[in-house]
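> The structure under discussion is supplied below as structure tokens; questions concerning it will follow.
We did not get these values from a lab; they are worked out from the coordinates using the rules stated. Note that the structure is predicted; figures quoted are calculated from it, not measured. No Cβ is skipped: glycine too gets one built from the backbone with ideal geometry, and neighbour counts run over all protein chains shown.
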Amino acid sequence: MLTVKVEKQLGQLALSVSFTSEGGVTALFGPSGTGKTSVINMIAGLIAPDRGRIALDDTVLFDGTARIDVPAWRRGIGIVFQESRLFPHFTVKHNLDYGRWMRGLKADPTAFAHVVELLDIGPLLARRPGKLSGGERQRVAFGRALLMRPRLLLLDEPLASLDATRKQEILPYLERLRDDARVPMIYVSHDPAEVKRIATRVVRLDAGKVVAEGGVELV
Ligand SMILES: Nc1ncnc2c1ncn2[C@@H]1O[C@H](COP(=O)(O)OP(=O)(O)OP(=O)(O)O)[C@@H](O)[C@H]1O
């Protein structure tokens, strides 16, 4: 279970957010500028809260009082951003392998083949990111994040840079990830249709606060 209770002053915005996620896909949903990306960055360890505590199962990732702040690379959390952020000079295969290698994990051909099949990226393995469509690049980014065997996957508006047709193409893959990979996910979006389709739980944010928590009927 992920437990988040954080506060941070972000310019004019006093962010004060508390929620839990017990697996499945929890959507952080709300209008632009409410602090969704900042919360994701705090869970990932990319920015530090001013105060608070973040724990994943029995591991404390951040505790302001106890002065615990586990560095991002040791949190075991995968993250996919709006743009795929693949390495342009690496092939798809090399990009997919990167997270595992960075974490010092042994090569696992079975897991690799499974993720390639799940995301249908076999025909792309020898290409470089510059030769892929936006949707294909995001599928590779999902694969790269999964193959580092994360304890939690953070998805920050992963479809926002795609047009409506590409979004429709990639949504079934996200559903497969949710149903097959069994990695808990936090999914940031301001698109109600996307959240309804992917999320199992919704945390609605407004002006830096949680205003509602519950099922997808909240969107
Ligand atoms: N380092 C910072 N210093 C000052 N203000 C910041 C900082 N980071 C974010 N903000 C402000 O905090 C607010 C929340 O930003 P954040 O990106 O977390 O919101 P968001 O809900 O993810 O928005 P969007 O959907 O547009 O990405 C914004 O008004 C932003 O300008």
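> When the chain is fully extended, how far beyond the present Cα-Cα distance does Glu213 get from Glu169, taking 0.36 nm per residue of separation? Write out the running numbers ahead of the final one.
Details: separation 44, 0.36 × 44 = 15.84 nm, distance 2.89 nm.
Answer, rounded to one decimal: 13.0 nm.
> Cross-chain or 8 or more residues apart, Cα under 28 Å: how many lysine pairs in the chain fit that? Count them up, please.
Counting lysine pairs in the chain gives 14.
> Separate question: Under the rule of -39500 (n - 2.57) per DSSP H run of 4 or more residues, summed and divided by the residues of the chain, what mean residue ellipticity at 222 nm is obtained, to the nearest 500 deg cm²/dmol? Could the numbers behind the result be given before it?
On the way: 6 runs with 65 residues, N = 219.
It lands at -9000 deg cm²/dmol.
> What's the magnitude of the charge dipole for region 117-219 around its Cα centre, counting Lys and Arg as +1 and Asp and Glu as -1 at the beta-carbon? Answer in Debye, nearest 20. Could the numbers behind the result be given before it?
Numbers: 18 positive and 15 negative charges, 86 e Å.
Result for region 117-219 is approximately 420 debye, rounded to the nearest 20.
> Then there's this: If we restrict to alpha carbons, what Rg and Dmax does region 56-132 come to, in Å?
Both quantities, over Cα of region 56-132: 15.9, 50 Å.
> Compute the signed sum of charges (Lys and Arg +1, Asp and Glu -1) over the other residues within less than 10 Å, Cβ to Cβ, of Pro150. Let's see the in-between values first.
Numbers: positive: Arg75, Arg103, Arg149, Arg151; negative: none.
So the surrounding residues net to +4.
> Can you find, among Ala48, Thr59, His89, the residue farthest towards the positive end of the dipole of region 41-101? Put +1 on the C-beta of Lys and Arg, -1 on that of Asp and Glu.
Looking along the dipole axis, the top candidate is His89.
> Points 7 angstrom from Cα along the Cβ direction at Asp57 and Thr110: gap in nanometres?
Placing both labels 7 Å beyond Cα along the Cβ direction yields 1.9 nm.
> Also: Taking trypsin sites (Lys or Arg not before Pro) as candidate sites, keep only those in a DSSP loop with at most 11 other Cβ atoms within 10 Å, then name the longest stretch of the chain containing none of them. Spell out each step's value before the answer.
Details: sites that count: Arg67, Lys106, Arg182.
The segment 107-181 is the longest one with no such site.
> Return the loop-located chymotrypsin sites (Phe, Trp or Tyr not before Pro) in region 85-143 (DSSP other than H, G, I, E, B) with at most 15 other Cβ atoms within 10 Å of their own Cβ; answer none if there are none.
Counting only loop positions with at most 15 other Cβ atoms within 10 Å, the chymotrypsin sites (Phe, Trp or Tyr not before Pro) in region 85-143 are Phe90.
> Figure the gain on full extension for Tyr98 and Ala14 (residue separation times 0.36 nm, minus the Cα-Cα span) and round it to one decimal in nm. Don't jump to the answer; show the numbers that get you there.
Numbers: separation 84, 0.36 × 84 = 30.24 nm, distance 3.67 nm.
Full-extension gain reported as 26.6 nm.
> About the Cα centre of the chain, how large is the charge dipole given +1 on each Lys and Arg Cβ and -1 on each Asp and Glu Cβ? Please answer in debye to the nearest 20.
Numbers: 31 positive and 25 negative charges, 124 e Å.
About 600 debye.
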